[in-house]
Amino acid sequence: MAFNDDNPSSITTRKRKFEEKDSCFLSNFFSMEDLNQDVLERILSWLPTSTFFRLTSVCKRWKSVADSESFKLACSDIPSRDPWFFMVDPQLNRMVVFDSAEKTWKRLNQPTLLKKSPNHNSMPVAASGGLICFRNLAGDFILCNPVSGSCSQVPLLDSPLQNQNLHAIVMNNNKITLVFGELPKLSFKVYNSNTNLWEEEIELQQFKDENSVTDNEDNAVYFLSKAGNVVATNMQRSPCKQYSSVITTNQNGEEIVYFLSSTGKVVSCNLNTKTFFEFPRLLPVFCEYSIDVVECRGKMFVVLLSEFFESASLRVWSYDEASRAWLQIAAMPPALSHCWYGKKVDINCVGAGDQILICLNYAEVFSYVVCDLVSNDWIELPKCCVDGKAVDFMSAFSFEPRIEALV
């Protein structure tokens, strides 16, 4: 028989001795103050972005880290950060974000350049990486890092282009792409931040799929909204989302811009082949609905709120190239969607990873819901309160909060 002296009492005694030695070692040889600046910066760079604002109040050394260019370089090495959802109120007076990591709302100060720009009611129109693109009433574009507050104005467009019918504004890889014109005559123009120049205008040719079924029910009735925008009676749209559009990159490395036409059709523009294609309509033209396009994991989805059999239904759709048809991906539980029946709700959506944030707005009633496309879970976010009162926000854009993102 083997001899074993590991009885419970001896094990406990030795464990306590080891813990005491470890504690002594850590206290004597592992102090944050003993770390050199480079190591300290690399450790702090892994903190959530929201904590960066508190670094300056910890101590003088940590304040020097927050102001260090090498710290920003260390932050740029972090592969990804949990997204923030950027929101503005209908009057464009407040800028807030929903921090998906901490599940809290945070108010942001409006950058000085946005306040000083002509007709300074600047509206967010696109986002990519750590930057958001704003457009003011004069038609000027401003790039902004909402975390650092830094801004820069994009060179002005040619005067003739200012009066063009603008359909889509997207950002990708330090570029701003505009799609404009009157269907079926569309063009696009790209601003390259590396050269700080607008590139030449390029025309798009319509791609017609002979195997797809086309509809001729584009005779929608139009009217002027209170904001002075021409909209179709069959589709509710918020003025803050009049340039609802996304950009994706397909398996061939081609960049494709998706936007909603004035009649509610989804239009795709392949920037590499210089062609555009109109997808088949999801609902007949006489149906009343609210619709938006989002991008998740490099794929385009459509979120649609409609009414059927005296109930409201909110569903997420994806277009299947093989069957040339729209397929349902997810659906809001009826217990959540039915309360919006008969209210002519406007939805504004944004994708981030496998999630879609959906803003539902109607008069004084509003709600923010996150849909997980993988689990099909639907979670209502808490209201954002200012001075004890819930505030309505819309025009959501997702971005990675990065203090190092340059404009």
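For the stretch 352-407, state the semi-axes of the equivalent ellipsoid (square roots of 5 times the eigenvalues of the alpha-carbon gyration tensor), sorted largest first and rounded to whole angstrom. Spell out each step's value before the answer.
Values: eigenvalues 100, 74, 20 Å².
The answer is 22, 19, 10 Å, longest axis first.
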### Query
Quick one: if you stick a label point 7 Å off each Cα along the C-beta vector at Ser150 and Asp38, how many nm between them?
2.3 nm
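In this model, which of Lys208/Lys299; Lys60/Lys175; Lys72/Lys389; Lys103/Lys274 are farther than 30 Å apart at the alpha-carbon?
Working: Lys208/Lys299 22 Å; Lys60/Lys175 38 Å; Lys72/Lys389 37 Å; Lys103/Lys274 41 Å.
Violating the 30 Å Cα-Cα cut-off are Lys60/Lys175; Lys72/Lys389; Lys103/Lys274.
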### Task
Using θ = phi - 60° and the Karplus relation 6.51 cos²θ - 1.76 cosθ + 1.60, list the HN-Hα couplings for the stretch 401-407 in order, rounded to whole Hz, with x at every Gly or Pro.
x, 10, 5, 8, 5, 9, 9
### Task
Could you order His338, His167 so the one with the most accessible surface comes first? Probe is 1.4 Å.
His338, His167
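Kirkwood Rh over Cα pairs of the stretch 262-407 into Stokes-Einstein at 10 °C, 1.306 mPa s: D in µm²/s? Don't skip to the end; give the middle numbers.
Working: Rh = 16.8 Å.
Answer from the Stokes-Einstein relation: 95 µm²/s.
Between Asn194 and Lys103, what is the FRET efficiency for a Förster distance of 30 Å, r being their Cβ-Cβ separation, to the nearest 0.05?
Values: r = 36 Å, r/R0 = 1.21.
E(calc), rounded to 0.05, equals 0.25.
The values are calculated or read from the model by the stated rules, or taken from the named source; none is laboratory data. Since we're looking at a predicted model, the values are computed, not measured. Glycine gets a Cβ as well: all are built from the backbone with ideal geometry, and neighbour counts include every protein chain shown. The accessibility values were calculated without ligands, DNA or RNA, using every heavy atom of the protein model including side chains. Shrake-Rupley method; radii C 1.70, N 1.55, O 1.52, S 1.80 Å.
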